[in-house]
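> Sharing a structure, written as C-alpha cells. Questions coming.
FYI, it's all coordinate maths here, none of it is from the lab. Because the structure is a prediction, the values reported are computed rather than measured. Every residue, glycine among them, receives a Cβ derived from its backbone with ideal geometry; neighbour counts consider all protein chains shown.
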Amino acid sequence: MISMDSRELVRRTLAFDSPDRIPRQCWILPWAEEKYPEIIEKLHREFPDDIVNAPAVYKEPLGIKGDRYSPGIYVDEWGCTFDNLQSGTIGIVRETLIQDWKDLDDFTTPDAVLSLDQDVVNAFCQDTDKFVLSGTVVRPFERLQFIRTMEQALVDLIEQPSELFELLNRIHEHYCREVEAWASTDVDGVALMDDWGTQRAMITSPKIFRQVFKPMYKDYAEIARQHGKYVFMHSDGYITDIIPDLIEVGIDALNSQVFCMGVKELGERFCGKITFWGEIDRQQLLPQGSRQEIKQAVHETWAHLYADGGVIAQCEFGLEAKPENVLAVFEAWDSLC
C-alpha cells in the first residue's frame, strides 16, 4: 500500500476522508530559531511539516525598511510603522498612517505586492509534495488597525464615519487583487489572518464583524474557489461566536486557540464542519506544562475534534515555549497515527 504524500494527506484531512495520518505543521518564530537551533533541526528531521508557505518573490521592490523581527523601527509595504522592542517578534504600531481623514487623499495601496513572480511560486509548488499555502496573508481588520492604530480603529468601527468605509473599500479591493494573484498560481491554498478575540470575548461585537468584514471574507473565499484553492485562516482569542460565519463563507481550515474556547464545546458544535488547524495551548501548556499534560491535551483535541479528518497537528514554537514540550506535541500526535 502506497502511503499518501503531504499534499494528499492535507486534502483528505480537509475533506474528512480518512487520511493515513494527521498532517503536521510547526510554526517556528524567529525567537525559537535564535535560541534553540539544535531543537529546530531535530523538529525538521523527525517531524517534518506537511504544510509549507510559498516564497513571496516580487518583480518590483516593496519599499520595506528595517527588519520585521529585529529591535527598532520596521516599515512594511503599506507604509505602516512598527516599533519593535524585542528580537524575534513583530512590534506594535503606535503612529497612525492616516491621522486625519483628509489624509485619505494621499493614501495608496501597495501595487508592488501585486507584482508577484508567479513563475517562482509555480516552480516551488512543482518541486515539492507538500501542501503549499500562499506566502502572504490577507488581513483587512488588522490592516485597518495598522493604518489607524488599534485604539482608533475600534473607535472608527463604533462611530462608522463614511471615510472609514472608503478606506475599507480600498483595503478590500487591494486584497481581492492580491488573492487573485496568489490563487492564479499553483499553490494549494490561500491564507487569511485577523485576530478577532480577546481571552474571553471578541474584540468587536459579532454584529460589526458580520456587517463589515464577513462580506470581505466571502469575496476572498469565492476568488480562491474559482481557482480551485482551499482557504485557511488564523485568528487568536475567543472567536466561538463567529465560527459559524467562517464556515458559511467557506473557510476550510481554522487556526485558533481552541483551549481558550474549550475543546469539548468546539467539538460538540463544529466537529466535522471545519478543519481545526491546531493549536495546542501556547499560553500555559507549552511554556509551563509537563509532558504528560501535553499528551493529555493532544488526546483531548483528537477525541473531540477528529472526524476521519478535520484536525491538523499544529503548534507554535514561540516565546517561552519549552522545546521539550513542542517535541512532545508531535510525539503524541504520531502515537495516535
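> Express as a percent, rounded to the nearest 5, the fraction of DSSP beta bridges in the range 6-336 (both residues included) that run antiparallel.
25
> On C-alpha positions alone, give me the angle between the axis of helix 323-336 and the longest principal axis of the chain, in degrees, nearest 10.
Long axis of 323-336 versus the principal axis of the chain: about 60 degrees.
> So how strong a dipole does the chain carry about its Cα centre when Lys and Arg Cβ are +1 and Asp and Glu Cβ are -1, to the nearest 20 debye? Provide the component values of the computation, followed by the final result.
Values: 33 positive and 58 negative charges, 148 e Å.
I would put it at about 720 debye.
> So, one more: In nm², what is the average projected area of the convex hull enclosing the Cα atoms of the range 211-337?
Reported value for the Cα convex hull: 8.2 nm².
> Also, I was wondering about something else. Kindly identify the range 1-75 as rounded, prolate or oblate by the Cα gyration tensor criterion: order the square roots of the eigenvalues as a ≥ b ≥ c, call it rounded if a/c is under 1.5, otherwise compare a/b with b/c, prolate if a/b is larger, else oblate.
It comes out oblate by the Cα gyration axes.
> Pulled fully out, how much extra length does the chain show between Ala307 and Lys264, if you take 0.36 nm times their separation in residues and subtract their Cα-Cα distance?
Roughly 14.1 nm would be gained on extension.
> Looking at the range 16-110, which GluC sites (Glu not before Pro) are DSSP coil and have at most 14 other C-beta atoms within 10 Å of their C-beta?
Answer by residue number: Glu95.
> Taking 8 Å as the Cα distance limit and 6 or more residues as the minimum spacing, I'd like the relative contact order of the chain as a percentage.
20
> Between 0 and 90 degrees, rounded to the nearest ten: what's the tilt of helix 37-46 against the longest Cα principal axis of the chain?
With both axes taken from Cα atoms, the answer is about 60 degrees.
> Report the semi-axes of the equivalent ellipsoid for the chain in whole Å, largest first, where each axis is √(5λ) for an eigenvalue λ of the Cα gyration tensor.
31, 22, 22
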